[in-house]
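Beneath this line is the structure, given in structure tokens, with notes to follow.
The values are calculated or read from the model by the stated rules, or taken from the named source; none is laboratory data. What you see is a predicted model; the values in this text were computed from it and never measured. Note that we place each Cβ from the backbone using ideal geometry, even for glycine, and neighbour counts take in every protein chain shown. Accessible surface areas use protein heavy atoms only, side chains included; no ligands, DNA or RNA. Shrake-Rupley method; radii C 1.70, N 1.55, O 1.52, S 1.80 Å.
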Amino acid sequence: MAQQLMIANWKMNKTHDQAKDYMDILAQERLPSQVEVVICPPFTALGAVAAGAKASLSMVGAQNCSWAASGALTGEISPEMLMALTVKYVLVGHSERRSLFGESDDIVARKVQLLLQSALIPVLCLGETEQERDGNLTEEVLRRQLDAALPLTSDEASKIVIAYEPVWAIGTSRTANGEQVTAAMQLIRHYLATKYTAATAEAIPILYGGSVNLGNIASLAECPIDGALVGGASLNPQDFANLTRSFAVAKEL
Ligand code: 13P
């Protein structure tokens, strides 16, 4: 079985001090040992999350990074800088980065490569828009995004995490239904098994993201997902801890 993961994506929320308070509360919670819990704060709160990670038994993640190792790139953050703050996971190609900040498939691919070279774990985000789903283009879009991001060897591919996040389900309270989630998971797994091996495909965690909350985590866990990428419902530490426990119970971990 692939590593089971629950990843909190705070997006552009919480200051350094608010992150510190969050981590103090999370440290009082019992997180399931079979699930790797990852907190992705804004860059400015990485230090606070890193300082509280050990006590809360969670890992540190970043929401983005540069496609270059260093240089004259005003405003960018390199993998080396993230590693110095004990970051382990980095989100790449989140739909908000793709749609609002013009991140192309090519940029996503460069980031994945650089992160792997830096021994950081890329969490490759994929997903179709509502228009693409309505136009029966979901499969084509996911294949295109996978093709672009994965000119990787089998060894490299086995070190990534994939998050399927249908754009229409993000921040909308419109979670994808079990059939839609299962179909996407099967498509991605099949793609990986065909490109690499069945064993490699099985070892890569594939998460679901998009309006995950306490009310739907149990039914989502019935789908072949290895965890979730959680936005809004991760902003309260007790709620997020509850979510990770509910996932572990539903998966019988
Ligand atoms: P919500 O859980 O708020 O829908 O956000 C999902 C997401 O984009 C996580 O990366």
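Observations
- Counting only heavy atoms of the protein chains and using a 1.4 Å probe, residue 17 has close to 100 Å² of accessible surface.
- Cα lying deepest toward the dipole's positive end in the chain, options 210, 168, 183, charges on Cβ: 210
- Rotationally averaged projected area of region 1-93 (alpha carbon convex hull; nm²): 6.6
- Local electrostatic count at residue 52 - Lys and Arg +1, Asp and Glu -1, tallied over other residues with Cβ under 9 Å: +1
- Relative contact order %, the chain, counting alpha carbon pairs below 8 Å whose residues are six or more apart: 21
- Here the spin labels are modelled as points 7 Å beyond Cα on the Cα-Cβ line, and at residue 174 and residue 187 they lie 1.6 nm apart.
- About the centre of its Cα atoms, region 1-159 shows a dipole size close to 460 debye [charges on the beta carbon of Lys, Arg (+1) and Asp, Glu (-1) only; nearest 20 debye].
- Along its first, second and third principal axes, ordered by size, region 1-53 spans 36, 22, 14 Å in Cα coordinates.
- Mean residue ellipticity, 222 nm, helices only, the chain: the sum of -39500 (n - 2.57) across DSSP H runs of n ≥ 4, divided by residue count and rounded to 500, is -12500 deg cm²/dmol.
- The portion of the accessible surface of the chain made up by carbon and sulfur, rounded to a whole percent, is 53 (1.4 Å probe; DNA, RNA and ligands excluded).
- Listed peptides 56-68, 187-199 by packing density, highest first (mean Cβ within 10 Å): 56-68, 187-199
- Remark: the chain carries 44 Å² of accessible area per residue (probe radius 1.4 Å; ligands, DNA and RNA excluded).
- Taking the centroid of alpha carbons for each part, region 85-130 and region 190-208 are 18 Å apart.
- Estimated translational D of region 36-156 in µm²/s (Stokes, Kirkwood radius over Cα pairs; 25 °C; 0.890 mPa s): 160
- Reciprocal of mean inverse Cα separation for the chain (Kirkwood radius, Å): 18.1
- Cα-based Kirkwood hydrodynamic radius, region 75-221, one decimal, Å: 15.8
- Whichever lysines have a C-alpha closer than 18 Å to that of residue 88, once near sequence neighbours (fewer than 8 apart) are set aside: 11, 54, 111, 159
- Relative contact order of region 1-121, taken over Cα pairs closer than 8 Å and 6 or more residues apart, is 22 percent.
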